[in-house]
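The next block holds one structure in the form of structure tokens; read it before the comments.
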Amino acid sequence: MANAKKSSKKQKIFKVKLNTSWKNIFLYGILMVITSFLFLSASQPGEQVETIPLSQAISDVKEGKVKEISILDNKLTIKEKDKTVQAFKEPGADTYQLFKDAGVSLDKTKVLVKDETGLNNWVNIISSILPILLMVAFFYFIFRQARGAQENIFSFGQSRAKLFSKNTPGVKFADVAGVDEAKQELTEIVDFLKNPGKYKAMGARTPKGVLMVGLSGTGKTLLARATAGEANVPFFSMAGSEFMEMLVGVGASRVRDLFNTAKKSQPAIIFIDEIDAIGRQRGGGLMGGHDEREQTLNQILVEMDGFAPTEQLVVIAATNRPDVLDPALIRPGRFDRRVILDMPDVVGRKAILAIHARGKPFEKEVDWEKIARRTVGFSGADIENMLNESAILAARLEKKAIDMKDLEEAATKVKLGPEKKRLQSDDDKKMTAYHEAGHALVSWEMPHMDPVHRISIVSRGLSLGHTMMEPTEHVHETKTRLLEHISVMLSGRAAESLIFDEMTTGASDDIAKATEVARTMVVEYGMSELGPINLDGEKKRYFEQATVSQEMAAKIDEQVRKITDAAYKRSASILIKLRKKLDLLASELLKKETIESEEFAKLIGPKKTIVGHSVVLAPAKA
């Protein structure tokens, strides 16, 4: 190891020695010149030399006391037997003549004449040229930096798309699950890129664009990469925000460069993620048609509409806001197809679990079917995050494999956040216990609500407790289920009022969600006395006026109030009827903090079931 360290140090030193570029040589040369100049200009060594008159120096020579005289310009350095002194003569005077006029011979004295005229000339030359050289070097570096900045300005217009070539390890359709319908739509795109002649023979034109619409985490980017991987073509990926820059015209220039580069590599796929960043409907900007975003959008429209029929270039875009896109962008001829990516169902979630479970050790008793049913509403990204959190938890506990407890804890953490140990008084814990017990009992009593999965008064995220249901798949939501859902959300406040004759701030989030559901029932679903009419009074854009009058807005508020009041009274009546069960459940929560579905069923009893399907159409009983 020691020899290895020594050899590595030698290699580093060798590299440093070889790093002698012209910049370093120039800088080192300037430093050496400056150092030499300062050295020559420095004063003599600090030994103090006595100065005597020239007449005394002549007298000392006459008496034979002087061994050597050194002459440098006007200074005479005189070395005697025991000391060294100095004397000065008049400028221009001849030393030999001075001693001759005084009748003193220098034949027996050693005389040295030093001439530093050449050195002084060099010092003068260097001192004159050095400022000029430094000034030239300064302006050279200034112009060089300005040239680099100019090149950077021109490079703004170049595309910054990331290229995934054919040789890059790609993602295949087998690596994507839960979006089978979307994969089927994109299979034709892959087939076209592989076999364009088959479609040209039938007179079919090139599909120019595919718009993928879905919520965050549903796999839009992953599916686009899988399409390129299946087709085995170059894949140019760029985000919508990367087109924008502080300089006007840069976005349009990058669009042109991106499409020109992709055309040279065709067949190819261009993927624009979050296209709503540049594809929003025109006319809403403060600068009108001169807005940089609108110029970029106009260039995309031109490029897509300017494709020749023989070009094998497909544009795939992704967004979770299709409602804000410009109509010219999503019309046929540009984005010909719209692929919808929904949240995965139970079959899709099970397939996603199988993909992301690769490379992780799991216990044999892990029930993947139960995990898939447990994760209703989870996207593909949520499921991947859940499995990663379960692996981290198992590693933290030094387990050899991941078990069901780890998966349950990871699913709860992804949905509600990690556990938090908060200091709570006994009264706070009691209020939280009755609050959560109220949610659980009203949900248990409501025939259309999902069964209770877990009740806990352990703090997670911003909540002091939670009541989780075992969600089931529903394509449609009925008025009956929505009203029961509102009653369940308001049952925590009802339990607080019943037991403590008091109201707490812990129900604020429940009240907000219940109000939101009730308002949606009125203004969007038409599930109120106002009739089946859309009364959405939200402003679509900042410059649009509200779509309802003040009188109608007051009626909407009144209907929302009626729905929430009726739901609150319904939950309060249920809790009054089940008061003993409420006390029992709250006391168990205070003891154990968390109650699972099996223990809840033993304490309260089995949940009521509905016979037949007519209940789906039954009127709500407020």
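Quick notes on this structure:
- Enumeration of residues in the stretch 503-518 that are surrounded by 13 or more Cβ atoms within 10 Å (Cβ to Cβ) and either outside any helix (DSSP H, G or I) or of a type in the set (G, A, S) (or both): T504, G506, A507, A514, A518
- Considering the stretch 106-142, and only residues there that are assigned to a loop (DSSP other than H, G, I, E, B) and at pLDDT 70 or above, the residue that is farthest from K67 (Cα to Cα) turns out to be L106.
- Meets criteria (over 44 Å from the mean Cα position of the chain (by Cα) and farther than 16 Å from V442 by Cα) for G605: no
- Residue among A494, A512 that alone is at pLDDT 90 or above, more than 39 Å from the chain's Cα centre (by Cα) and hydrophobic (A, V, I, L, M, F, W, C): A494
- The set of residues from the stretch 208-234 being closer than 17 Å to V176 by Cα and among the hydrophobic types (A, V, I, L, M, F, W, C) comprises M212, V213, L215, L222, L223, A224, A226, A228, A231.
- Of all residue pairs spaced 6 or more apart or on separate chains, those with beta-carbon atoms under 7 Å, a first member in the stretch 435-463 that is touching a residue at least 40 places away in the same chain (Cβ under 8 Å) and surrounded by fewer than 23 Cβ atoms within 10 Å (Cβ to Cβ) and a second member that is charged (D, E, K, R) and part of a helix (DSSP H, G or I) are M446/E484; H448/R481; H448/E484.
- In the stretch 587-609, residue farthest from E409 (Cα to Cα) [restricted to those that are without any contact (Cβ under 8 Å) to a residue 40 or more places away in the chain and aliphatic (A, V, I, L, M)]: L603
- Residue selected from the stretch 301-341 under the condition surrounded by fewer than 19 Cβ atoms within 10 Å (Cβ to Cβ) and of a type in the set (S, T, N, Q), by the criterion modelled with the lowest pLDDT: T310
- Hey, F192 surrounded by 14 or more Cβ atoms within 10 Å (Cβ to Cβ), at pLDDT 80 or above and over 29 Å from H356 (Cβ atoms) or not: yes
- For the stretch 291-300, the criterion of a residue being closer than 23 Å to E185 by Cβ and either modelled with pLDDT of 85 or more or not assigned by TED's automatic domain parsing to the domain that holds V179 (or both) is satisfied by no position.
- Residues that are more than 30 Å from G526 (Cβ to Cβ) and either in contact with a helix residue (DSSP H, G or I) (Cβ under 9 Å, 6 or more places away or on another chain) or not in a loop (DSSP other than H, G, I, E, B) (or both) do not occur anywhere in the stretch 471-483.
The values are calculated or read from the model by the stated rules, or taken from the named source; none is laboratory data. Owing to the predicted nature of the structure, the values given are computational and were not obtained by experimental measurement. Please note: Cβ atoms are built from the backbone with ideal geometry, for glycine as well, and neighbour counts cover all protein chains shown.
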